[in-house]
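Novice: Here it is, the structure in full.
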Amino acid sequence: MIKKTRQHISQNESLLFEISSPGKMGYQLPELDVPMMDPAEALGGNTRAEIEDFPEVSEVELIRHFTRLSTWNYAIDLGLYPLGSCTMKYNPRINEVVARTEGLAWAHPYQPESLSQGAMEIMAELERCLAVITGMDAVTLQPAAGAHGEMTGTLLIRALLTSRGNPRKKILVPDSAHGTNPATAAMTGYEVENIKSNEQGMLDVEALARAMNEDVAALMVTNPNTVGVFEQYIHKIAAIMHDKGALVYMDGANMNALVGIARPGDFGIDVMHLNLHKTFSTPHGGGGPGAGAVAIKKELEPFLPGPRLRRENNQWHWDYDRPRSIGRVRSFYGNFGVLVRALAYIMAHGGEGLKNATMDAVLNANYIRKLIEPYYKIAYQAPSMHECVFSDDYQSKKGVRTGDIAKRLIDYGFHPYTVSFPLIVHGALMIEPTETEPKQELDLFADAMISIAREIEENPAIVLNAPHLTRTPRVDEVTAARKPILRWKKPAESQVRAKPGDLRPDVPAREPALPASVR
Ligand SMILES: *Cc1c(COP(=O)(O)O)cnc(C)c1O
């Protein structure tokens, strides 16, 4: 039984081109009673020629069209968004209010320092807070996102090793790393060597020791890693690297599991990034602005991107005199609005609050794990941190794969979990509820997952053909990616023109082939 679903008011929305008819207008104005200049003349001959078949619709049609489209989005404001690795948590509105404070929202990067003291103080304070949270010595706020932070961090490592005489050749990356890690290593000119995980889902320390030699510049380790497991031997791992003069980079995008509990600086990490847009309260997804702050140990400080904040005579200054710096990685000072939100979030929570958020994130992931573990195969027995990863082993025996289960979840009113990632888990279901979800929502989600597991036992076709309750049935994702149709073309004269409310001519009409019990 579906307990929660979105029955949409408008499943069949035509294109504006399809509801257009000649002469309709989107506005009404009284006749002019003053002479008007000819618009073509007023524009100095810069008017565009008529766009062929430009849609003509009324105001209400236009407003409804876009309003309906806007409601097709799934958002964290509508419900659980359990995309593993993405930390899609609810971001308190108060941080939005703070970021929109007039003096902050309208600050200009070319404002003189004397008029930017508040903004500079915010950045200095955020750098200080993040250094305390990570246990590191200094922070740069410039990188615009996580992968950009990785690139910055890797360039810092290269600069430090070069200053010691040899940048070295390789970066070791465990198979449980986020995909951006090997990509970053390659982009910054390093060869990537893969290190296997053991059956507990942790980095194989012996394999690492064997791979280690003086060609290795660094290890890039995601911790907790992408199977949601904390690298318990991280101390040992760091010692192996340091013994051979290499550094340890930590991908800290999963800090949602550590803030207030464990500090990477204390367990041997030399450089790391944080995703402020995951852990520290910036709404993300859809490529919006982010911030990939990079935290480092002292020896890397001279190489940080400039300018750096400096305090002198009770004033903040930008210090551009940084001869050993890797250079700027971004224009100006980073995505300032994101930085404001992060500091507001940190200050509103305080140390205890941040720690509680972390504990709730871990509790929520383990709560879901316990509820659905009887029905789905957990990938690794090791305790879960802020996310739990299952495989579709039980379900694939019935021919149902993780992607099918995800599609069926849409019928139950939830955004799918992360599908088929991490790659080391065959048929992965990666679920990250985050700390902001109430127990009721987690229960509904677990009910949906359990109900789907039962459907697969009884009638796998329901799941294999899902989703059934959405506007569009299952799409052909391969064709959609390989041959995207991005432009509307006028149908040939012979084709019947769609009427308002018709299904798109290219989408076959269908009746949901569902037993009554699941409608
Ligand atoms: C999200 C994520 C990244 C990449 O961050 P972007 O901001 O998307 O560039 C890197 N590593 C991990 C573990 C992540 O979850």
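Just so it is clear, none of the values below were taken in a lab; they were calculated from the coordinates. Note that the structure is predicted; figures quoted are calculated from it, not measured. Quick reminder, even Gly has a Cβ in these numbers, built from the backbone with ideal geometry, and neighbours come from all protein chains shown.
Novice: Do you know the relative contact order of the chain, to the nearest whole percent, from alpha carbon pairs under 8 angstrom that are 6+ apart?
Specialist: In percent, rounded to a whole number, it is 20.
Novice: What number, in percent, do you get for the relative contact order of the stretch 16-70 if the mean sequence gap of Cα pairs under 8 Å and at least 6 apart is divided by its residue count?
Specialist: Value for the stretch 16-70: 62 percent.
Novice: A further question follows. From the phi angles alone, apply the Karplus equation (6.51, -1.76, 1.60; θ = phi - 60°) to the stretch 446-456 and give each ³J(HN,Hα) in whole Hz, x where the residue is Gly or Pro.
Specialist: Karplus values, whole Hz, x for Gly and Pro: 4, 4, 4, 4, 5, 4, 5, 4, 5, 4, 5.
Novice: Also, I was wondering about something else. Any idea what the dipole of the chain comes to, in debye rounded to 20, about its Cα centre with Lys/Arg Cβ at +1 and Asp/Glu Cβ at -1?
Specialist: Dipole size: approximately 780 debye.
Novice: Return the equivalent ellipsoid semi-axes of the stretch 1-146 as a descending list in whole Å, where each equals the square root of 5 times an eigenvalue of the C-alpha gyration tensor.
Specialist: Working through the eigenvalues yields semi-axes of 45, 31, 14 Å.
Novice: Over the residues of the stretch 16-70, compute the C-alpha Rg and express it relative to 2.2 N^0.38 Å.
Specialist: My calculation over the Cα atoms of the stretch 16-70 gives 1.46.
Novice: Specify which residue in the list Ile424, Leu161, Asn465 is farthest towards the positive end of the charge dipole of the chain, using unit charges on the beta carbon of Lys, Arg (+1) and Asp, Glu (-1), about the Cα centre.
Specialist: Of Ile424, Leu161, Asn465, it is Ile424.
Novice: Another question, if that's okay. Based only on other Cβ atoms within 10 Å, what is the fewest-to-most ordering of Ser114, Ser14?
Specialist: Ranked by crowding around the Cβ, least crowded first: Ser114, Ser14.
Novice: Positive end of the charge dipole of the chain (Lys, Arg +1 and Asp, Glu -1 on Cβ, about the Cα centre): tell me which of Met151, Phe332, Ala177 has its Cα farthest that way.
Specialist: Positive-most Cα among the choices belongs to Ala177.
Novice: Moving on to the next point. Rounded to whole Å, give me the distance from the Cα center of the stretch 163-232 to that of the stretch 341-389.
Specialist: Cα centroid of the stretch 163-232 versus Cα centroid of the stretch 341-389: 25 Å apart.
Novice: I need the semi-axes of the equivalent ellipsoid of the stretch 141-184: take the C-alpha gyration tensor, multiply each eigenvalue by 5, square-root it, list largest first in whole angstrom.
Specialist: After diagonalising the Cα gyration tensor, the semi-axes are 20, 16, 5 Å.
Novice: Compare the Cα positions of Val132, Gly288, Ala348 along the charge dipole of the stretch 93-348 (+1 at Cβ of Lys, Arg; -1 at Cβ of Asp, Glu; about the Cα centre) and return the one farthest towards the positive end.
Specialist: Gly288
Novice: By how many nm would the segment from Met187 to Gln315 lengthen if fully extended, with 0.36 nm per residue of separation less the alpha-carbon distance?
Specialist: The Met187-Gln315 span can extend by a further 42.2 nm.
Novice: What is the gain in length, in nm to one decimal, between Val475 and Lys370 on full extension, counting 0.36 nm per residue of separation less the C-alpha to C-alpha distance?
Specialist: That pair, Val475 and Lys370, stretches by 34.5 nm at full extension.
Novice: For n ≥ 4 DSSP H runs only, could you compute -39500 (n - 2.57) per run for the chain, divide by its residues and tell me the 222 nm figure to the nearest 500?
Specialist: Helix contribution divided over all residues of the chain: -10000 deg cm²/dmol.
Novice: Semi-axes, largest first, in whole Å: what does sqrt of 5 times each Cα gyration tensor eigenvalue give for the stretch 129-251?
Specialist: So the three semi-axes of the stretch 129-251 are 20, 18, 14 Å.
Novice: Got a sec to turn the phi values of the stretch 32-43 into Karplus ³J(HN,Hα) couplings, 6.51 cos²θ - 1.76 cosθ + 1.60 with θ = phi - 60°, whole Hz, x for Gly and Pro?
Specialist: 5, 10, 10, x, 10, 6, 5, x, 4, 5, 4, 8
Novice: Also: Could you calculate, for the stretch 93-348, the ratio of the Cα radius of gyration to the Kirkwood radius, expressed as Rg to Rh?
Specialist: 0.98
Novice: For the stretch 408-448, what number results from the quotient of the Cα radius of gyration and 2.2 N^0.38 Å?
Specialist: For the stretch 408-448, the normalised Cα radius of gyration comes out at 1.27.
Novice: Within the P(r) computed for the chain, what percentage of the Cα pairs occupies the region above 29 Å?
Specialist: That tail contains 60 percent of the Cα-Cα pairs.
Novice: What ranking of Glu31, Glu61 emerges when the number of other C-beta atoms within 10 Å of each C-beta is taken as an exposure proxy, fewest first?
Specialist: Exposure proxy ranking, most exposed first: Glu31, Glu61.
Novice: So for Ser331, Ser197, Ser58, Ser281, fewest C-beta neighbours within 10 Å to most, what's the order?
Specialist: Listing Ser331, Ser197, Ser58, Ser281 from fewest to most nearby Cβ atoms yields Ser331, Ser58, Ser197, Ser281.
Novice: When the dipole is taken about the Cα centre of the stretch 93-348, and only Lys, Arg (+1) and Asp, Glu (-1) are charged at their Cβ, what size is it in debye, to the nearest 20?
Specialist: 320 debye
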